[in-house]
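Note sheet for the following structure.
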């Protein structure tokens, strides 16, 4: 990792220069390497990103617990990194992973954290469970 450079270097260069927000975090979308399904959204701080790069296993920063967390440490859903991408201005990451355990990522037991969709409009908007999502354990 290097310090953030000029805008053109950031957008067109080859230097990895992740831009963390004011809280020291960068957003991270995680998808299954096998089929591209979005599994989860989480955040990383510099230490989580460093550990992810060094170990090849996804580490995140828990905003609710204010602590570093290696995905799968208790659930067995360890995420082996297959690829890491960054967006054009390097303030977001996209991880492609092979998920261990039952292949899921959500603490509810589903494969993906995105198992509900918004249906309806305005005041009638409500969440609807997606029939394609894996049911909880």
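Laboratory data are not the source of any read-out in this text; all were calculated from the coordinates shown. A quick note: this is a predicted structure, and the numbers were derived from the prediction, not measured. Glycine gets a Cβ as well: all are built from the backbone with ideal geometry, and neighbour counts include every protein chain shown.
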Task: Added length on full extension, which subtracts the Cα-Cα distance from 0.36 nm per residue, residue 8 to residue 23 - done: 2.9 nm
TODO: For an R0 of 22 angstrom, estimate the FRET efficiency from the Cβ-Cβ distance between residue 98 and residue 16 and round to the nearest 0.05.
DONE: 0.50
Open item on the list: Can you tell me the orientation of helix 46-55 relative to the chain, as the angle in degrees between its alpha-carbon axis and the longest Cα principal axis, to the nearest 10?
Closed with: 90
Task: Full-extension gain in nm, residue 62 to residue 46, via 0.36 nm per residue minus C-alpha separation - done: 4.5 nm
Open item on the list: I'm spelling it out carefully: the read-out is semi-axes √(5λ) of the Cα gyration tensor in Å, the candidates are (1) 30, 18, 14; (2) 63, 14, 10; (3) 28, 19, 14, and one was derived from this structure. Which label?
Closed with: (3)
Task: Sites residue 54 and residue 108 - FRET efficiency at Förster radius 35 Å, r taken between beta-carbons, to 0.05 - done: 0.70
Task: Net length gained if the chain between residue 33 and residue 70 were fully extended (0.36 nm per residue, minus Cα distance) - done: 11.5 nm
TODO: Find the relative contact order for the chain and round it to a whole percent, using C-alpha pairs within less than 8 Å whose residues are 6+ positions apart.
DONE: 20
TODO: Using a Förster distance of 25 angstrom, determine the FRET efficiency expected from the C-beta separation of residue 78 and residue 124, and round it to 0.05.
DONE: 0.05
